[in-house]
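Colleague: Please read through the structure below; I'll follow up with questions.
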Protein chains: 2
Amino acid sequence: MISKNELKLLTSLQQKKYRQKHKLFVAEGAKLVNDLLHSSFVPFRIYAVDNFVRSNPHLEITPVDENTLERISTQKNPHEAVAIFQLPKATEIQQSGLILVLDGVNDPGNLGTILRSCDWFGIESVICSQDTVDAYNPKVVQASMGSIARVKIHYTDLKQFLSESKLPVYFTTLEGKNIYEVKLPKEAIIVMGNEANGISSVLYSVEKQELTIPKFETINTVESLNVAVATAIILNEFRR
Amino acid sequence: MISKNELKLLTSLQQKKYRQKHKLFVAEGAKLVNDLLHSSFVPFRIYAVDNFVRSNPHLEITPVDENTLERISTQKNPHEAVAIFQLPKATEIQQSGLILVLDGVNDPGNLGTILRSCDWFGIESVICSQDTVDAYNPKVVQASMGSIARVKIHYTDLKQFLSESKLPVYFTTLEGKNIYEVKLPKEAIIVMGNEANGISSVLYSVEKQELTIPKFETINTVESLNVAVATAIILNEFRR
């Protein structure tokens, strides 16, 4: 059984301010919950149907029926489990290696997909501007496919971070150098901007190089790539 | 004013069967509607607020107020216009160049993003299995950012198409050759599979090479890349 208070907590965690107040977030679906249980994330409550409970005899789980699972889930067809996890503790920002910086990425699906690509390409840290969508938004957690447990995410003032960093800074823009023709270093900071407006003008005073993924034909085609797609191509170029 | 019948038509076009019956589809938002108006697509009805009407004095537009626009839109904050367009006429399937084949891509956002990447990388034709999400689904049209008007989309039996084609066929899988180490031809067919299950087993009898985007580290990371991301990286590798 789920108490009224638990239900209220679950609903409140859809909102960033309550996630930050309670230091908790929600993950849905057997696969994702299992992935996070096998990470450094600490579970706070697990709600699951019989099948999931039976496969995890060592875990403390609140058993629920399919109807209740549907009620506490934000998904149409929730799969077996919904769990509340503690938000990870803040860590120090990494100052070496390949670092991704996101300036105002808005769409939760894009951020989740970007985290998934970072996990694939071995990017340990993502530094987000304060106006980037919250990484513990349920849609981000979902789209990250568990990568949220492996990639470290920081929210900070980007201008200060970029000004103080000793690594070379690369902005991805529509007017930069052809990325196929630039020799890319192993250690760098890659900056990606907002879906509609790109990188904010306040960051342009930072010392940087601008990179562009070249279009095949330049006339009468789409103006830009999706930001999650562009990020993955840039990461692929730095790692290949 | 919008008549009851028009409202009914607009609602029905959310569903594939009515899009195919009426040979019509819907596009929302001033930018997208404008993009499609400047393409080969033929408008059937345009509904828009004053501002859009004033900027397009040469067009036959049904003026609506903000409330009506919101009522006929599937979006929370529709921007200025909603339009119905005719589905494009079927064309012959291209048999040369670089061709993308999608086997059971399910998510409309993924298909739309893939079309946008195809437009960027100059891929003229996308061949979809019959169980791939309909390209004229409003969410696909939206995510394509107008690319739906520039990339030709076909739905067909993939086994037959691949067996009959004379171009070399490349499957993107998790167990193929490292794509950075394979010499890629200018003309080819690239096959991408379903989000959860990859390329269906029925296609495996086709003569092909398998390609993989290598992971940076192979242990304890995410299992796969998002299909729209993987497609874009593969297209980037073929075009770079």
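Listed here are the residues, each with its yes/no results for (1) touching a strand residue (DSSP E or B) at 6+ places or on another chain (Cβ under 7 Å); (2) farther than 24 Å from B:Asn220 by Cβ; (3) within 14 Å of chain B (Cβ to nearest Cβ).
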site	(1), (2), (3)
A:Ser39	no, no, yes
A:Tyr47	yes, yes, no
A:Arg71	no, yes, no
A:Gln75	yes, yes, yes
A:Ala83	yes, no, no
A:Leu87	yes, no, no
A:Thr91	yes, no, no
A:Gly104	yes, yes, no
A:Thr113	no, no, yes
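Colleague: Look through the stretch B:153-180, keep the residues that are within 14 Å of another protein chain (Cβ to nearest Cβ) and touching a residue at least 40 places away in the same chain (Cβ under 8 Å), and return whichever of them is most open to solvent (accessible area, probe 1.4 Å).
Modeller: Residue satisfying both the conditions and the ranking: B:Leu174.
Colleague: OK, next. Give just the number: which of (1) open to solvent by 50 Å² or more (accessible area, probe 1.4 Å); (2) within 11 Å of another protein chain (Cβ to nearest Cβ) does A:Gly109 not satisfy?
Modeller: Just one mismatch for A:Gly109, condition (1).
Colleague: Report yes if some residue within the stretch A:186-201 is more than 20 Å from the chain's Cα centre (by Cα), of a type in the set (Val, Ile, Thr) and buried (at least 18 other Cβ atoms within 10 Å of the Cβ); otherwise report no.
Modeller: No, every residue in the stretch A:186-201 fails to be more than 20 Å from the chain's Cα centre (by Cα), of a type in the set (Val, Ile, Thr) and buried (at least 18 other Cβ atoms within 10 Å of the Cβ).
Colleague: Give the residues of the stretch B:133-151 that are open to solvent by 10 Å² or more (accessible area, probe 1.4 Å) and either within 15 Å of B:Phe85 (Cβ to Cβ) or away from chain A (no Cβ under 14 Å) (or both), sorted by residue number.
Modeller: Residues satisfying the conditions are B:Val133, B:Asp134, B:Tyr136, B:Asn137, B:Pro138, B:Gln142, B:Ala149, B:Arg150.
Colleague: Give the stretch A:117-173 a look and list any residue that's charged (D, E, K, R) and over 24 Å from A:Leu184 (Cβ atoms), or say none.
Modeller: A:Asp131, A:Asp134, A:Lys139, A:Asp157, listed by residue number.
Colleague: Something else about it: Looking only at residues that are under 18 Å from A:Lys177 (Cβ atoms) and open to solvent by less than 40 Å² (accessible area, probe 1.4 Å) in the stretch A:204-221, which one is farthest from the other protein chains (Cβ to nearest Cβ)?
Modeller: Among them, the one singled out is A:Val206.
Colleague: Another question, if that's okay. Which of (1) within 14 Å of chain B (Cβ to nearest Cβ); (2) open to solvent by 60 Å² or more (accessible area, probe 1.4 Å); (3) within 22 Å of B:Arg239 (Cβ to Cβ); (4) of a type outside the set (Ser, Thr, Tyr) is the odd one out, the single condition A:Lys183 does not satisfy?
Modeller: (1)
Colleague: Are there any pairs, at least 6 apart or on different chains, whose C-beta atoms fall under 8 Å, with the first in the stretch A:79-103 and at positive phi and the second of a type in the set (S, T, N, Q) and surrounded by fewer than 18 Cβ atoms within 10 Å (Cβ to Cβ), and if so, which?
Modeller: The qualifying pairs are A:Glu80/A:Asn51.
Colleague: Return the pairs, sorted by first residue and then second, in which the second residue is in a helix (DSSP H, G or I) and of a type in the set (D, E, K, R), the first residue lies in the stretch B:59-73 and is free of Cβ contacts under 8 Å to residues at least 60 places away in the same chain, the beta carbons are less than 8 Å apart, and the residues are 6+ apart or on different chains.
Modeller: B:Pro63/B:Asp50
Colleague: Return the residues of the stretch A:119-132 that are away from chain B (no Cβ under 14 Å) and surrounded by fewer than 20 Cβ atoms within 10 Å (Cβ to Cβ); say none if nothing qualifies.
Modeller: A:Gln130, A:Asp131
Colleague: Return only the number of the condition from (1) touching a Phe, Trp or Tyr at 6+ places or on another chain (Cβ under 7 Å); (2) surrounded by fewer than 14 Cβ atoms within 10 Å (Cβ to Cβ) that B:Asn67 does not satisfy.
Modeller: The failed condition is (1).
Colleague: What is the number of the single condition among (1) away from chain A (no Cβ under 11 Å); (2) among the charged types (D, E, K, R); (3) under 17 Å from A:Glu237 (Cβ atoms) that B:Glu237 does not meet?
Modeller: Unmet for B:Glu237, out of (1) away from chain A (no Cβ under 11 Å); (2) among the charged types (D, E, K, R); (3) under 17 Å from A:Glu237 (Cβ atoms): (1).
Colleague: Return only the number of the condition from (1) at the interface with chain B (Cβ under 8 Å from one of its Cβ atoms); (2) open to solvent by 10 Å² or more (accessible area, probe 1.4 Å) that A:Val229 does not satisfy.
Modeller: All conditions are met except number (2).
Colleague: Whether any residue in the stretch A:35-54 is surrounded by fewer than 16 Cβ atoms within 10 Å (Cβ to Cβ), assigned to a loop (DSSP other than H, G, I, E, B) and not polar (S, T, N, Q) is what I want to check.
Modeller: Within the stretch A:35-54, one or more residues are surrounded by fewer than 16 Cβ atoms within 10 Å (Cβ to Cβ), assigned to a loop (DSSP other than H, G, I, E, B) and not polar (S, T, N, Q).
The values are calculated or read from the model by the stated rules, or taken from the named source; none is laboratory data. Note that the structure is a prediction, hence the values are computed from the model and not measured. Note: ideal-geometry Cβ built from the backbone for every residue, glycine included; neighbour counts use all protein chains shown. Side chains included, ligands, DNA and RNA excluded: accessible areas come from the protein's heavy atoms. Shrake-Rupley method; radii C 1.70, N 1.55, O 1.52, S 1.80 Å.
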